[in-house]
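Accompanying notes for the structure given below.
The values are calculated or read from the model by the stated rules, or taken from the named source; none is laboratory data. What you see is a predicted model, and the numbers here were worked out from it, not measured in a lab. Every residue, glycine as well, gets a Cβ built from its backbone with ideal geometry; the counts of neighbours run over all protein chains shown.
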Amino acid sequence: MIRWVAVLTLLLSTASSLSAQRDRGSINLGYSYSRFSVEKLSGSSIYGTFSKTFYNPLFINVSASYGLVNRTDTLSDQQLQTFSVGLEGAYAFINDDRQQLKAGAGLSGRFFDDNWILDSTRATRSSAFKPGISLHLSYDVFLSDQWLIGGRALLQRYESDNTVYLLGAHLGFRL
């Protein structure tokens, strides 16, 4: 765990120091539909990303998301909370004054908190942090010099065949 934090910190500080002052970054906040391959759960999540030019057309993204999924059936109730952080590199295929299309990959870590209520007397709970990898595709349209709106598709793969799919829309502010 400490190794992942050290690598993320080193990459982020390197990207910030190499980035020119004239290159603009952005901060985005969004809402997404989430699908978890384990137990085939789906729900919603909120996410935030910070994106900065590393060396045009290369970008570095730092992201975080939080999701809460509930499932009720005849045998049990399940509540899954997740929080993830990620560091991704991206390549901008389109990068002009009106729009931006980026695709990238990176490292991701997700905390899973799973709570099962089997009946009124029995409940189980498990928590785990799992490192993984992520792939993303994002498209932004610049509404003005400072504001943007866009969408993001994200696939995150973790150990034990746990895959998370996110599809969302965001509003952002250019720095």
Problem set entry | Matching residues in region 30-61 - criterion: being among the hydroxyl-bearing types (Ser, Thr, Tyr), over 17 Å from SER134 (Cβ atoms) and surrounded by 15 or more Cβ atoms within 10 Å (Cβ to Cβ) | THR53
Exercise. Can you tell which of GLY89, GLY109 is surrounded by 20 or more Cβ atoms within 10 Å (Cβ to Cβ), at negative phi and at pLDDT 85 or above?
Worked result: GLY109
For this session: State yes or no: is LEU87 closer than 19 Å to LEU166 by Cβ and touching a helix residue (DSSP H, G or I) at 6+ places or on another chain (Cβ under 6 Å)?
Result: yes
Exercise. When both residues are 6+ apart or on different chains and their Cβ atoms are under 9 Å apart, which pairs have a first residue that lies in region 96-113 and is touching a residue at least 60 places away in the same chain (Cβ under 8 Å), and a second that is buried (at least 17 other Cβ atoms within 10 Å of the Cβ) and among the acidic types (Asp, Glu)?
Worked result: LEU107/GLU88
Exercise. In region 131-156, what residues are modelled with pLDDT of 95 or more and of a type in the set (D, E, K, R)?
Worked result: ASP140, ARG152
Exercise. Here are some residues: ALA128, ALA169, ALA92. Which one is aliphatic (A, V, I, L, M), assigned to a strand (DSSP E or B) and touching a residue at least 40 places away in the same chain (Cβ under 8 Å)?
Worked result: ALA169
